[in-house]
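Reading through the structure tokens given below for one structure.
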Amino acid sequence: MLVWFLPLFLVFLMIGLPVIFGLLAAPGLLLFFNGQEKDITLLYRNVYNGMDSFPLMAIPFFMLAGELMNRGGITMRLVEFSQAMMGHFRGGLAHVNILSSMLFAGLSGSAVADTSALGSMLIPAMEKQGYSRKFAAAITAASSVIGPIIPPSGIMIIYAYVMGESVAALFLAGIVPGVMVGLGLMFMVKLQADKYDFPVATKKHTWGERGQASLKAFFPLLTPVIILGGILAGVFTPTEAAAVAVAYALFIGLFVMRTLRLRDLPDVMGRAGLTSAVVLLLVGAAMAFKTVVSLSHAPEAMADFVLSLTSNPLVLLLLINLLLFIVGMFLDAGPAIIILGPILGPIFVELGVDPIHFAIIMSVNLTVGLATPPMGLVLFVASSVSGERVEAISKAILPFLAVEVVVIFLITYIPAISMTIPRLTGFAN
């Protein structure tokens with residue numbers, strides 16, 4: 001069934017069917033033609049069951065917190081802070097773009113939100129300073145993948161829910177890989193800045209000016225500290241942490257910074273609701289598909305096939321990285337995790353790979369896929385924001401994708417990169 005599902009699913013995507021309907025229609029048709037009509041009822045009933053979960057409530061709360069902070073002008077303060085710290089370097093605005101993405105990741109956990117919010121400000125500013133529009137859009141798309149890696153992360157919440165792992169452990173394991181992606185992108189910008197003589201964004205700020213920028217960004221930057229600190233201290237669960245993030249965003253937006261007004265709230269909640277609905281419907285559809293896959297014993301068959309290729313875990317990790325990279329080009333990270341996680345995860349746990357380590361390998365790889373041609377979602381968002389063609393952005397982003405691929409392989413073959421912090425804090429063995 002799995003063999004026939006993938007081609008049928010891709011056909012549905014190519015004719016323009018939304019992912020959620022493809023995830024439901026493909027197995028539904030296969031069950032019908034296979035004479036398993038009673039299982040079709042199970043498939044669609046599990047759409048609701050897949051969404052009916054307390055841990056998944058963290059997703060709409062984090063979406064709402066990100067929308068509140070973006071509407072409250074917090075994104076602008078993060079950009080100003082980044083510019084005060086790094087704007088004086090050659091290629092300064094490109095560095096500012098990357099650092100802003102790293103900081104914004106601690107607020108939204110979404111690559112699409114990162115691309116949309118930062119791109120609308122920084123792409124025109126970079127073009128005005130002499131950067132090509134395609135380069136500005138490419139660096140925005142490339143750096144936006146940091147959003148779902150540095151906590152909080154929507155896809156890690158989904159992975160933890162599907163695979164029964166600790167959300168806190170996954171959040172902690174994503175910190176160093178996310179920082180590495182950011183630093184790697186900055187290194188590539190420096191190489192290109194020296195080669196192509198990129199402009200300097202601003203004069204070097206004094207320590208006083210940096211202090212003022214830091215004060216303005218203090219309350220926004222406190223958000224990930226509150227979220228992670230509360231989870232690690234056992235004060236609240238990740239779901240409760242998401243609700244606390246919403247309350248905090250409301251408080252600083254309405255009463256501290258006073259950049260948010262009560263009349264803004266209906267629109268903010270509507271946007272957050274629509275975004276959350278899309279994600280949760282995808283999760284529900286993918287969980288329903290997972291149930292059907294389990295009934296067909298496809299995971300066991302896939303495990304036997306993979307292990308027949310080689311029993312060397314290092315070679316298998318290379319093959320799986322290639323598979324995930326290709327899947328990430330065509331499928332959003334959330335559905336891909338729900339479909340492939342239950343199939344691939346047990347194989348590598350059986351081979352001795354730590355489940356938290358494999359979760360990070362999978363999450364980072366599929367997240368980078370969001371910026372990978374030809375179908376990377378953030379490429380289309382960057383194209384929409386910048387007005388540049390996807391083909392041009394795809395060509396300009398290749399050096400940055402090369403850096404991200406190197407980071408993926410470092411994470412894959414050096415487990416300590418992702419596992420040290422969870423082990424030091426007692427969230428992993």
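Helix 265-295 axis versus longest C-alpha principal axis of the chain: approximately 30°, rounded to the nearest ten.
Per-residue ellipticity at 222 nm computed for the chain from its helices equals -25500 deg cm²/dmol, with DSSP H segments shorter than 4 residues left out and the rest contributing -39,500 (n - 2.57). Distance between the pseudo-spin-label points of Asp264 and Leu318 (7 Å out from Cα toward the beta carbon): 5.1 nm.
Loop-resident trypsin sites (Lys or Arg not before Pro) (DSSP state other than H, G, I, E or B) in the range 150-210 with no more than 14 further Cβ atoms inside 10 Å of their Cβ: Lys203, Lys204. Between 0 and 90 degrees, rounded to the nearest ten: what's the tilt of helix 298-309 against the longest Cα principal axis of the chain? Relative to the chain, helix 298-309 is tipped by roughly 80 degrees. Relative to the longest principal axis of the Cα atoms of the chain, helix 207-232 runs at roughly 20 degrees. Spacing of the modelled spin labels on Thr310 and Val225, each 7 Å from Cα toward Cβ, amounts to 4.6 nm. Share of carbon and sulfur in the accessible area of the chain stands at 69%, probe radius 1.4 Å. Based on protein heavy atoms only, the chain ends up with 42 Å² per residue of surface accessible to a 1.4 Å probe.
The values are calculated or read from the model by the stated rules, or taken from the named source; none is laboratory data. Just so it is clear, the structure is predicted and the values come from calculations on it, not from any experiment. Reconstructed Cβ throughout: ideal geometry from the backbone, glycine too, with neighbour counts over all protein chains shown. Heads up: the accessible areas ignore ligands, DNA and RNA and are worked out on the full protein's heavy atoms, side chains in. Shrake-Rupley method; radii C 1.70, N 1.55, O 1.52, S 1.80 Å.
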